[in-house]
Amino acid sequence: VWTDEQLQMHTEAATKMQKIILEAFAEIKRRINADIPTTENDVQQFMMKRYEEEGMNPSPMIVAVNANAASPHYFPRAGKGAPIKRGDLVLIDTVTKVKKPKAPAADLTWMGYVGETVPEEYVKIWNIVFDAQQSALKAIREAFKAGRPITGAQADDVSRGVITKAGYADEFLHRTG
């Protein structure tokens, strides 16, 4: 159980992480528009520097492009990160905490598209994943409201069911967390 101070530190970390993720996507845009070659490693290094500047632990994050984004817990090897170009799908999955004693970690995952218009296939998949997330949250809220225990596995089953019904069961490689 977190103390009020730990909840505040978690909120601080999550707020700073969200800001830095948005800055990372803006940096990708800046580099692409300036024709500066950009890799997964470049974005990781940008974020690590920003974490340090914001008083956060410099925890390596996942920056994954295209097929790499489908690999759970993918990390590009130093200097071997895939290039990021126009038309690419980019995943940023990051966990860190503020540099304070007993600070809990915050964990955020965002997806972005490098281009003007997100392809319909990406929108379709995003909507399926969003529906799966909302279905799991609804099941959790209903269980709490009814005073009924619910496990993470049960919430995962709910979201997995939505994805299975949409025809993507074989593509769902990771638990919902």
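The values are calculated or read from the model by the stated rules, or taken from the named source; none is laboratory data. Quantities reported herein were computed from a predicted structural model and do not represent experimental measurements. Neighbour counts are summed over all protein chains in view; Cβ atoms, including those assigned to glycine, are modelled from backbone coordinates with ideal geometry. Keep in mind that these areas ignore ligands, DNA and RNA; they rest on the heavy atoms of the full protein, side chains included. Shrake-Rupley method; radii C 1.70, N 1.55, O 1.52, S 1.80 Å.
General observations
- Residues satisfying the stated conditions in region 150-177, i.e. among the charged types (D, E, K, R) and either within 16 Å of PHE130 (Cβ to Cβ) or in contact with a Ser or Thr (Cβ under 7 Å, 6 or more places away or on another chain) (or both): ASP156, ARG160, LYS165, GLU171
- Matching residues, region 30-59, being among the aliphatic types (A, V, I, L, M) and in a loop (DSSP other than H, G, I, E, B): ALA34, ILE36
- GLY87 vs. criteria touching a residue at least 24 places away in the same chain (Cβ under 8 Å) and in a loop (DSSP other than H, G, I, E, B): yes
- Answer from GLN44, GLN18 - the residue that is open to solvent by 40 Å² or more (accessible area, probe 1.4 Å), closer than 18 Å to GLY112 by Cα and under 16 Å from the mean Cα position of the chain (by Cα): GLN18
- Members of region 74-130 found to be touching a Gly at 6+ places or on another chain (Cβ under 7 Å) and either of a type in the set (Phe, Trp, Tyr) or open to solvent by 50 Å² or more (accessible area, probe 1.4 Å) (or both), listed by number: ARG86, LYS99
- Region 56-73 - residue that is more than 26 Å from ALA34 (Cβ to Cβ) and in contact with a strand residue (DSSP E or B) (Cβ under 6 Å, 6 or more places away or on another chain) and, of those, most open to solvent (accessible area, probe 1.4 Å): ASN57
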